[in-house]
Amino acid sequence: MKNFKAFVLEKCVENKVTHSITDLNPSDLMEGDVDVKIEFSSFNFKDGLAVTNTLPIIKKYPMIPGVDFSGTVIKSSHSNFKKNDNVILNGWGVGESHFGGFSQMARLSGEWLIKLPEKFNFEQSMIIGSAGYTAALCVLRIKDYIKDIKSDKVLVTGASGGVGSIAVNLLAKMGVKVTALSGKDKDFLYNLGAEEVINRDSFEISEKPLAKQKWIAAIDTVGGDVLSTIISEIKYDGIIASTGLAKSHELNTTVFPFILRNITLAGVDCVYASYEKRLKAWNFLESKLDLKILERIKSNKGLSDINGLSKEILAGKIKGRTVINVNNY
Ligand code: NDP
């Protein structure tokens, strides 16, 4: 069996994490009933946390990070998949406790895979990647909760990032009035469909438990005092989908908005979302996402760029989505 390349993280004696692009043999892979030749992965915030060891994302070493990929089945004993099927993977601990997508090959459980949606090619599916699929989960969460989502403003934070940019476009395509909160250039967000863009520097952090009611719903990717401010600004009966911590994992708030304004704070996780939820999210992306924006939001990188990308993403410097071509190393 032929060797393949992978970006591997190892922990040395002093607990320092090192990285290298390594030649591996298929016999080095972990257990699974499906072998996949990977074409593309993508660079997600969690990969930045993992590669820099900022949070304990990696559960064991050595590990191949990369929480998503698309590719072709080369061998399968799982009843849902056969040789030459095109598949995508998001989450399930891949790139954390099971070898991940920054590799030319993967072996994993067929239970974790879904078929590549027909409308997307390998690269497009990874421009969307875990961030875009999470954006779809967030949009569905608020859409299912608010009966007339088009009647009022919806706020998206970290709007130029992976989750934010896809969420802005999905909402805009549904006819929703989107306000984007961003530290980047406004035109990028207007082009994705935002109706209004608030510069991060002019967003006032509120310490009041109840501030002026502004949004019927919000998708928050940054956490911390931005999320606590939004909680105090959500309108009566409104909802916030909380999915990220790009600013902070901390949250200081009061019960007042919950008990006096009937608001909901809904957590959204993509990693262990059920098969049905995944399918619904990918179908939604197929039907609603503007394919033209994928070219505008993408950057192409290879395995050798991963370490540098990790630092950039944690510094909030990345705009849109970064695809990793695993054949570029
Ligand atoms: P990105 O790095 O692509 O985007 C994050 C964006 O947040 C940045 O581009 C920036 O946008 C904004 N931001 C960064 N730092 C700060 C800061 N200090 N203060 C305010 N805003 C900041 O990441 P993703 O969009 O891929 O992911 C966003 C978050 O969602 C991450 O925390 C990630 O871990 C989480 N996530 C969670 C998932 C889940 O299953 N729960 C799945 C996927 C992602 P701008 O300049 O426009 O403000």
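The values are calculated or read from the model by the stated rules, or taken from the named source; none is laboratory data. Computed from a predicted model, the values in this text were never measured in an experiment. Note that we place each Cβ from the backbone using ideal geometry, even for glycine, and neighbour counts take in every protein chain shown. What goes into the accessible areas is simple: the full protein's heavy atoms, side chains included, and nothing from ligands, DNA or RNA. Shrake-Rupley method; radii C 1.70, N 1.55, O 1.52, S 1.80 Å.
Given +1 at the Cβ of Lys and Arg, -1 at the Cβ of Asp and Glu and no other charges, the dipole of the stretch 180-329 around its Cα centre is 260 debye to the nearest 20. Compared with the rule-of-thumb size 2.2 N^0.38 Å for a compact globular protein, the stretch 29-96 has a Cα radius of gyration ratio of 1.20. Each 5 Å bin from zero up to the one holding the largest Cα-Cα distance in the stretch 157-252 carries the following percent of pairs: 3, 15, 25, 28, 20, 8, 2. Summary value for the stretch 50-144: 28 percent relative contact order, contacts being C-alpha pairs under 8 angstrom separated by 6+ residues. For the peptides 303-309, 16-22, the ranking by mean Cβ contacts within 10 Å, running from highest to lowest, is 303-309, 16-22. A Cβ-based charge dipole, computed about the Cα centre of the chain with Lys and Arg at +1 and Asp and Glu at -1, lands at about 420 debye. When the Gaussian network model of the chain links Cα atoms closer than 10 Å, the mean-square fluctuations of Ile239, Ile205, Ile263 top out at Ile205.
Only Lys, Arg, Asp and Glu carry charge here, each on its Cβ (+1 for the first two, -1 for the last two); on that basis the stretch 146-215 has a dipole of about 220 debye about its Cα centre. Dividing the mean sequence gap of close Cα pairs (under 8 Å, 6+ apart) by how many residues the chain holds gives a relative contact order of 18 percent.
Computed over protein heavy atoms with a 1.4 Å probe, the carbon and sulfur contribution to the accessible area of the chain reaches 49%. Please work out how much length the chain gains when fully extended from Ile259 to Ser287, using 0.36 nm per residue of separation minus the C-alpha to C-alpha distance, in nm with one decimal. Answer, rounded to one decimal: 6.4 nm.
Counted by Cβ distance under 11 Å from Gly66, the other residues give a net charge of -2, where Lys and Arg count +1 and Asp and Glu count -1.
Think of a 1.4 Å ball rolled over the protein heavy atoms: the chain then has 44 Å² of accessible area per residue.
Give the total of Lys-Lys pairs in the stretch 128-243 with Cα-Cα distances below 19 Å; include a pair only if its members are 8 or more places apart or on different chains. Lysine pairs, 8 or more places apart or on different chains, close enough: 27.
In the chain, taking the dipole from charged Cβ atoms about the Cα centre, the farthest positive-side position among Leu294, Gly183, Leu227 is held by Leu294. For the stretch 1-130, pairs of C-alpha atoms spaced more than 23 angstrom apart make up 27 percent of the total.
Across the alpha-carbon atoms of the stretch 54-148, the computed radius of gyration and Dmax are 14.9, 49 angstrom. Helical runs (DSSP H, four residues minimum) scored at -39500 (n - 2.57) apiece and divided by the length of the chain put the mean residue ellipticity at 222 nm at -8500 deg cm²/dmol. Helices assigned as whole DSSP H runs in the chain whose Cα atoms extend at least 30 Å along their own long axis and whose mean Kyte-Doolittle hydropathy is -1.0 or higher are found at 122-145. The coefficient of translational diffusion for the stretch 99-184, derived via Stokes-Einstein from the alpha carbon Kirkwood radius under 4 °C and 1.567 mPa s, stands at 88 µm²/s.
Put simply, the chain fits an ellipsoid with semi-axes of 35, 21, 17 Å; these come from the alpha carbon gyration tensor as the roots of five times its eigenvalues, largest first.
Which lysines, if any, have their Cα less than 20 Å from the Cα of Lys46, not counting same-chain residues under 8 positions apart? Straight-distance partners of Lys46: Lys11, Lys16, Lys59, Lys60, Lys247, Lys298, Lys301, Lys311, Lys317, Lys319.
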